[in-house]
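The values are calculated or read from the model by the stated rules, or taken from the named source; none is laboratory data. Quick caveat, the model's predicted, so the values are computed rather than measured. All Cβ positions, glycine included, derive from the backbone under ideal geometry; neighbour counts span all protein chains shown. Heads up: the accessible areas ignore ligands, DNA and RNA and are worked out on the full protein's heavy atoms, side chains in. Shrake-Rupley method; radii C 1.70, N 1.55, O 1.52, S 1.80 Å.
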Amino acid sequence: MIKWLAAVVGFAIRGFSGAILGFLFGSFIDGLSGGGKSSTVFSDMTRQQVSPADFELNLLSLCSIVIKADGSVNQRELDYVRQYFVANYGKEKANAIFRTFNDINKKHEISAQRICTYLNQRTRYEVRLQLLHFLFGIAQADGVIRNPEVNKIREIAGYLKVAMRDFESIMAMFIKSGDNAYKILEIDKTATNDEIKKAYRTMAKKYHPDRVNTENEAIKKGAEEKFKEVQKAYEIIQQERGII
């Protein structure tokens, strides 16, 4: 608003050239005060996105936190992470990622909260959901998901600002119970058939691989697995209730 007032005053004093100077000066004042639409446009244009290299290193850092969560480093969990990176990035790039991670890890303490804060500002919610799916996969690699591992992933989910119901839905894919299919669809067993159909449509949309806008192949594959689990959960309930 100030820029237009300044333009009018400038025009009254020095004509067209004064209007231009007034507009530029007013725009500067608007920018300092945070007023007008220009600040919003500017913040949108300068919003940082995580680079593939940074994402991979932060992902590996979260992996190391989960691996150490139960107080011991399990070789099968380490192998799971390494195989995953090799399968998705190739042996040469995976080795380079691990070397860089080891160098950084020697110099800096890994902070889950700091990493998650960084990712929250640069990744979509759907990507962060797939991160949790991947971390549960690591915990399950040795055949048993222990309470300290669950608690650590729950803590990370909190830092990633993931809703508790979404966290429980992902956890249900790895820790089985009688009502797993319902937990995956984020509904109660008392839900009506129509509510179940609606929940399935919502979850299928939320976890569709196309929603995960990332160059990271590991996370894309995690999205595909999650989508299949949602479909499988709905099929189980369909058969159980005879839903057509």
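If DNA, RNA and ligands are ignored and the probe is 1.4 Å, what is the ranking of 76, 146 by accessible area, most exposed first?
Listed by decreasing accessible area, they come as 76, 146.
Which loop-located GluC sites (Glu not before Pro) does region 91-155 contain, where loop means any DSSP state but H, G, I, E or B and the Cβ has at most 14 other Cβ atoms within 10 Å?
109
Which lysines does residue 91 reach when only Cα atoms under 23 Å apart count, and residues fewer than 8 places away in its own chain are ignored?
Candidates past the 8-residue exclusion: 106, 220, 221.
Just the number please: accessible area per residue for region 156-207, 1.4 Å probe, all protein chains included, in Å². It would help to have the intermediate numbers written out before the result.
On the way: 2680 Å² over 52 residues.
Per-residue value: 52 Å².
Express the accessible area of region 60-104 per residue in Å², computed with a 1.4 Å probe while the remaining protein chains stay in the model.
Per residue, region 60-104 has an accessible area of 53 Å².
For residue 75 and residue 114, compute 0.36 nm times the residue count separating them, minus their Cα-Cα distance, and round to one decimal in nm.
Here the answer is 11.4 nm.
Below 19 Å, Cα to Cα, which aspartates and glutamates can residue 205 reach? Residues fewer than 8 away in the same chain don't count.
Hits, sequence-local ones excluded: 126, 166, 168, 186, 194, 195, 224, 225, 229, 235.
Straight-line reach only, C-alpha to C-alpha below 16 angstrom: list the lysines that residue 198 could link to, leaving out same-chain residues fewer than 8 apart.
Partners within reach: 183, 189, 206, 232.
Which order, highest average first, do 184-191, 57-64, 93-100 follow once you tally other Cβ atoms within 10 Å for each residue and take the mean per peptide?
Result, highest mean Cβ count within 10 Å first: 57-64, 184-191, 93-100.
Using a 1.4 Å probe over the heavy atoms of the protein chains, calculate the carbon and sulfur portion of the accessible area of region 136-244 as a whole percent.
On the way: 2710 of 5850 Å².
It is 46 percent, rounded to a whole number.
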